[in-house]
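Asker: Got a structure here, written out as structure tokens. Questions coming.
The values are calculated or read from the model by the stated rules, or taken from the named source; none is laboratory data. As the structure is a prediction and not an experimental result, all values here were calculated from the model. Quick reminder, even Gly has a Cβ in these numbers, built from the backbone with ideal geometry, and neighbours come from all protein chains shown. The protein model used for the area step is the full one, side chains on, heavy atoms only, and it has no ligands, DNA or RNA in it. Shrake-Rupley method; radii C 1.70, N 1.55, O 1.52, S 1.80 Å.
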Amino acid sequence: MARALLDLLDGKTTTRADRAVEIDAARYVDPDRFAHERRRLFLEFPQVVGLSCDLPEPGSWLTQEVAGVPVLLVRSDDGVFRAFINACRHRGARVAEGCGRGSGFVCPWHSWTYDDRGRLVGVPDRASFESLRLDHRSLTALCARERYGLLLVLPTPGRNFDPEDVLRGIGPQIESFGTSAMHRIDTREIRIPANWKLTVDTGLEVYHVAFLHKDSLGPRTIGNTQTFETFGLHHRMAIPLSSILALHDLPERDWGDPLQHFQLVHHLFPATDLTIAGNRIAVMRSDPGSHPGETAFRFSSYAWQRPESEQDQHAARLGFEELDQVVSTEHYRVAAQAQKSFEAEPGRSVLIGRNEIGIQALHRSYDALLGS
């Protein structure tokens, strides 16, 4: 990858699509398409909900929403990763909030209790429900798979999937960087006033880096240059840091760790980015919000080494806050502006250049799966 980036820089070029394209902006604002996308691309397609280290030991659990579905993620006492709809079978209240460790979940409404395999194990005044076969009222299970250090869930009950078919070769590439043994630094969830695809688009090209990030990432990143590889519906791109130029005249045996000189972005369809940058990994997922102009954004940062000292913890926090600041105040500021313009100007189009190959590839995949 480092050699490929140096070749591109020598040629003052980047990996390009065959031609520039024009797409309709209605895809970002149309409510019917939005509903179709949520069903077809999110509810019927497995989603990356985290890394294996998010559930580090038996009894670990956490909750999140996946495309609006409340989900409970659990590493059960047998070490197996399981997922359930986070809703009591009695009257639908959530049985857990946040994250923690324990062997059971108690609904706060009427104290119905479930074990870490989702089985109903406690009901106050059980005799009042004796005609309803409570032995069959476990939490509703979702298909959950753990592979290559990734946690995947299909957020529609009764469906199954093969993670190998879903990941199409990108899984081993991700696992090769040690994602199975990471340590989570922090997680943040925010709502963004822009369509979910706009928030994804901003991270799929580096044409903007020298301009939008001129006071943050720009000075240490080389813009408008990237490699591009596809793995089925997923893709990966390497983005050079300015320091890569120091490798140019060195023999490869003296390069040290080339990954210190570029960022590696894995885009996992439909809307998750796993970025390897220096000594940390960032996982960002953009889910459709409550309407076409809203994204539910989840961002987590991880490190290979657990920050033990106060100095290391401070450095890890600073890294998390820096990336969060760039994403929320730069990327998503312009995404929200674009959303407003698309809502105000029906019928307009969006122009995607040859140097924005990732956006082109992703929208082709969206359209193919949606039949549009």
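Asker: Checking the a/c ratio against 1.5 first, then a/b against b/c, what shape does the Cα gyration tensor give for region 246-306?
Answerer: prolate
Asker: Right, another one. Take Thr13 and Phe161, extend 7 Å from each Cα along the Cα→Cβ direction, and tell me the distance between the two endpoints in nm.
Answerer: Roughly 3.6 nm, to one decimal.
Asker: Could I ask something else about it? Within 10 Å of each candidate Cβ there may be at most 12 other Cβ atoms; applying that plus a DSSP loop requirement, which GluC sites (Glu not before Pro) in region 307-371 survive?
Answerer: Passing sites in region 307-371 are Glu308.
Asker: Starting from the Cα of Lys214, draw a straight line to each of the lysines and keep only those under 21 Å, dropping any in the same chain fewer than 8 residues away.
Answerer: Lys12
Asker: So, with +1 on the Cβ of K and R and -1 on the Cβ of D and E, and no other charges, what is the size of the charge dipole of region 291-372 about its Cα centre, to the nearest 20 debye?
Answerer: Computed charge dipole of region 291-372: roughly 380 debye.
Asker: Could you give the distance between the Cα centres of region 204-258 and region 127-177, to the whole Å?
Answerer: 35
Asker: Something else now. Can you compute the helix-only [θ] at 222 nm over the chain? Use -39500 (n - 2.57) per DSSP H run of at least 4 residues, normalise by all residues, nearest 500 deg cm²/dmol.
Answerer: -6000 deg cm²/dmol
Asker: Compute the signed sum of charges (Lys and Arg +1, Asp and Glu -1) over the other residues within less than 14 Å, Cβ to Cβ, of Arg348.
Answerer: Neighbour charge sum, excluding Arg348 itself: -3.
Asker: Still on this structure: Tell me whether region 8-127 comes out rounded, prolate or oblate; compute the Cα gyration tensor, take square roots of the eigenvalues as a ≥ b ≥ c, and use a/c under 1.5 as the rounded threshold.
Answerer: The shape class here is oblate.
Asker: Rounded to the nearest 0.05, what FRET efficiency do Glu97 and Lys214 give with R0 = 51 Å and r taken as the Cβ-Cβ distance? Could you check?
Answerer: Once the sixth-power term is evaluated, E becomes 0.80.
Asker: Quick one: accessible surface of Met284, probe radius 1.4 Å, all protein chains present, in square angstrom to the nearest 10.
Answerer: Rounded to the nearest 10, the figure is 30 Å².
Asker: Next up: Can you list the lysines whose alpha carbon is less than 22 Å from that of Lys340, not counting same-chain residues fewer than 8 positions off?
Answerer: Qualifying lysines at Cα under 22 Å: Lys197.
Asker: A follow-up question, please. Quote the relative contact order of region 238-365 in percent (integer), defining contacts as alpha-carbon pairs under 8 Å separated by 6+ residues.
Answerer: 12
Asker: Could you point to the label whose value was computed as volume of the Cα convex hull per residue in Å³ for the structure here, given (1) 127; (2) 157; (3) 137?
Answerer: The value matching this structure is (2).
Asker: If amide hydrogens are placed 1.01 Å from N in the peptide plane, which non-local residues have theirs closer than 5 Å to the one on Ala194?
Answerer: Sorted by chain and number, the residues that satisfy this are Glu294, Thr295.
Asker: Only Cα pairs within less than 10 Å get springs; with that Gaussian network setup on the chain, which residue of Pro172, Pro46, Pro163 has the largest fluctuation?
Answerer: Pro172
Asker: At a 1.4 Å probe radius, carbon and sulfur cover how many percent of the accessible area of the chain?
Answerer: 49
Asker: Something else now. Once the whole set of protein chains is in place, how much accessible area is left on Ser243, using a 1.4 Å probe, in Å² to the nearest 10?
Answerer: 50
Asker: Another one. Using heavy-atom solvent-accessible surface (probe 1.4 Å) with all chains present, what is the largest-first order of Arg94, Arg33?
Answerer: Arg94, Arg33
Asker: Under 10 Å, Cα contacts only: if you run a Gaussian network model on the chain, which one of Ile276, Ile23, Ile192 comes out with the highest mean-square fluctuation?
Answerer: Ranking Ile276, Ile23, Ile192 by mean-square fluctuation puts Ile23 first.
Asker: What does the charge count around Phe297 come to, taking other residues whose C-beta lies under 9 Å from its C-beta (Lys +1, Arg +1, Asp -1, Glu -1)?
Answerer: Net of charged neighbours comes to +2.
Asker: If you build a Gaussian network model of the chain, linking Cα atoms that sit under 10 Å apart, which residue out of Pro56, Pro251, Pro157 swings the most?
Answerer: Answer for the Gaussian network model of the chain: Pro251.
Asker: Turning to a different aspect of this structure: Kindly identify region 295-360 as rounded, prolate or oblate by the Cα gyration tensor criterion: order the square roots of the eigenvalues as a ≥ b ≥ c, call it rounded if a/c is under 1.5, otherwise compare a/b with b/c, prolate if a/b is larger, else oblate.
Answerer: It is prolate, given that a/c is not under 1.5 and a/b is the larger ratio.
Asker: Starting at the first residue of region 26-43, write each ³J(HN,Hα) from the Karplus equation 6.51 cos²θ - 1.76 cosθ + 1.60 with θ = phi - 60°, in whole Hz, x for Gly and Pro.
Answerer: Ordered by residue, 3J(HN,Hα) equals 4, 4, 8, 10, 6, x, 5, 5, 4, 5, 5, 4, 4, 6, 6, 8, 10, 6 Hz.
Asker: With a 1.4 Å probe and all protein chains left in place, how much accessible area per residue does region 99-143 have, in Å²?
Answerer: 62
Asker: Report the local net charge at Val200: Lys and Arg +1, Asp and Glu -1, summed over other residues whose C-beta lies under 10 Å from its C-beta.
Answerer: For residues surrounding Val200, the net value is 0.
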